[in-house]
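Novice: Take a look at the following structure, please.
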Amino acid sequence: MKMHEYQAKILDTEQENPLEVDARGKGIENYVKLDGDIGIVVNGAGLAMAVMDTLKLAGGRPANFLDIGTLNDSRRVVNAFRILSADPDVKSVLVNIFGGMARVDVIATGIVEAHREMEIKFPVVVRLAGTNLAAGERILGANPV
Amino acid sequence: MSILVDENTRLLVQGITGGEGTFHARACIEYGTRVVAGVTPGKGGILWENKVPVFNQQDPGTEAIVLIGEIGGTAEQEAAAFIRKRVTKPVTAFIAGGAAPPGRRMGHAGAIVTGTAGRAEEKKKALVVVGVRLAESPAEIPEKIGGVTVHHGGRRDR
């Protein structure tokens, strides 16, 4: 049996943070719950950590680490928002995307879909850069959230 | 983080004259990638497979170096040792993950802090000791690159 199969077998999910278990179930492997109130959605683990560092420098506290990866699927962005919405500590969300293989227009579509599919009560700040930026900005502009 | 390579990207291959470098460079060229240069220390000046110019490591066009590191492993400490011995150009570093909780895996496998060497603070210490400037956030990098340096052999004094 492979290591990850063995781990999945012996892992007692009741001992883990339920939000993290839920995230894995939604296909988001790289989510770590922290104790702050600013939720983050970032592509790339290094960039996500840099965002956390920069937030702390500015006096903020990240609510989580979340690397959304390069899978170009807007559903993953929607799931990220589901997880952050389920965390009562989250009072605002910062999305920071520097798109290389991850495309900005797909992320933008995900942000719009997330707002349509659930009630998002907290402010969302979005910073976009990289592949298909213009298309992404058009999508956000056309769908005020 | 990733880079989207297309038919316009100009690619440089590190170690192009070696086994791995040759294999991958050939595959890239066959696929249509523009391999414009290779780097192999000591073999600068030759033309690889009669197609691609090879350079030694020294690039006179580079004036300053930015090192982006992260928690986990000891690559930054190894870089510090190398910088001390061989690098005279000014180096600025940003180490990500200072705000990450110890013992948790942050995304890809290397970014986990176990023991002290993997901690951001330890990496920053190792780099500062050999004269590297530290940026506390990516935004600070440009201001840290600027400035006057005085060279003494292989180390910098600020």
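The values are calculated or read from the model by the stated rules, or taken from the named source; none is laboratory data. Nothing here was measured: the structure is a model prediction, and the numbers come from that model. Don't worry about glycine lacking a Cβ; one is built from the backbone with ideal geometry, like all the others, and counts go over all protein chains shown. What goes into the accessible areas is simple: the full protein's heavy atoms, side chains included, and nothing from ligands, DNA or RNA. Shrake-Rupley method; radii C 1.70, N 1.55, O 1.52, S 1.80 Å.
Novice: For residues that are more than 14 Å from every other protein chain (Cβ to nearest Cβ) and not in a helix (DSSP H, G or I), scanning just the stretch A:47-89, find the one that is surrounded by the most Cβ atoms within 10 Å (Cβ to Cβ).
Specialist: Only one residue tops the list, namely A:87.
Novice: Scanning for something open to solvent by less than 40 Å² (accessible area, probe 1.4 Å), in a helix (DSSP H, G or I), over 30 Å from residue A:30 (Cα atoms) and among the β-branched types (Val, Ile, Thr), does the stretch B:11-32 turn up at least one residue?
Specialist: The answer is yes, given that some residue of the stretch B:11-32 is open to solvent by less than 40 Å² (accessible area, probe 1.4 Å), in a helix (DSSP H, G or I), over 30 Å from residue A:30 (Cα atoms) and among the β-branched types (Val, Ile, Thr).
Novice: Sticking with this one: On the given criteria, is residue B:15 in contact (Cβ under 8 Å) with a residue 24 or more places away in the chain and within 20 Å of the chain's Cα centre (by Cα)?
Specialist: So residue B:15 fits the description; yes.
Novice: Considering A:111, A:97, A:107, which residue is closer than 22 Å to residue A:132 by Cβ, free of Cβ contacts under 8 Å to residues at least 40 places away in the same chain, in contact with a helix residue (DSSP H, G or I) (Cβ under 8 Å, 6 or more places away or on another chain) and hydrophobic (A, V, I, L, M, F, W, C)?
Specialist: On the way: A:97 fails: free of Cβ contacts under 8 Å to residues at least 40 places away in the same chain; A:107 fails: free of Cβ contacts under 8 Å to residues at least 40 places away in the same chain.
Only one candidate qualifies: A:111.
Table: residues versus (1) buried (at least 19 other Cβ atoms within 10 Å of the Cβ); (2) assigned to a strand (DSSP E or B).
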site: B:43; (1), (2): no, no
site: B:62; (1), (2): no, no
site: B:68; (1), (2): no, yes
site: B:73; (1), (2): no, no
site: B:80; (1), (2): yes, no
site: B:83; (1), (2): yes, no
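Novice: Which residues, counting only those in the stretch A:35-45, are surrounded by 21 or more Cβ atoms within 10 Å (Cβ to Cβ) and over 10 Å from the mean Cα position of the chain (by Cα)? Give the derivation first.
Specialist: First, pick out the residues of the stretch A:35-45 that are surrounded by 21 or more Cβ atoms within 10 Å (Cβ to Cβ): A:38-45.
Residues satisfying the conditions are A:38, A:44, A:45.
Novice: Please find, within the stretch A:90-116, the residue that is least open to solvent (accessible area, probe 1.4 Å) out of those that are within 14 Å of another protein chain (Cβ to nearest Cβ) and of a type in the set (D, E, K, R).
Specialist: Result: A:105.
Novice: Limited to the stretch B:85-124, what total is found for residues that are open to solvent by 60 Å² or more (accessible area, probe 1.4 Å), within 11 Å of chain A (Cβ to nearest Cβ) and either of a type in the set (A, V, I, L, M, F, W, C) or touching a Pro at 6+ places or on another chain (Cβ under 9 Å) (or both)?
Specialist: 1
Novice: Could you tell me which residue of the stretch A:1-31 is most open to solvent (accessible area, probe 1.4 Å), considering only residues that are more than 12 Å from chain B (Cβ to nearest Cβ) and under 16 Å from residue A:65 (Cα atoms)?
Specialist: Going through the qualifying residues, I end up with A:18.
Novice: Which numbered condition in (1) more than 14 Å from chain B (Cβ to nearest Cβ); (2) out of contact with any His (no Cβ under 9 Å at 6 or more places or on another chain) is the only one that residue A:34 fails?
Specialist: Among (1) more than 14 Å from chain B (Cβ to nearest Cβ); (2) out of contact with any His (no Cβ under 9 Å at 6 or more places or on another chain), the lone unmet condition for residue A:34 is (1).
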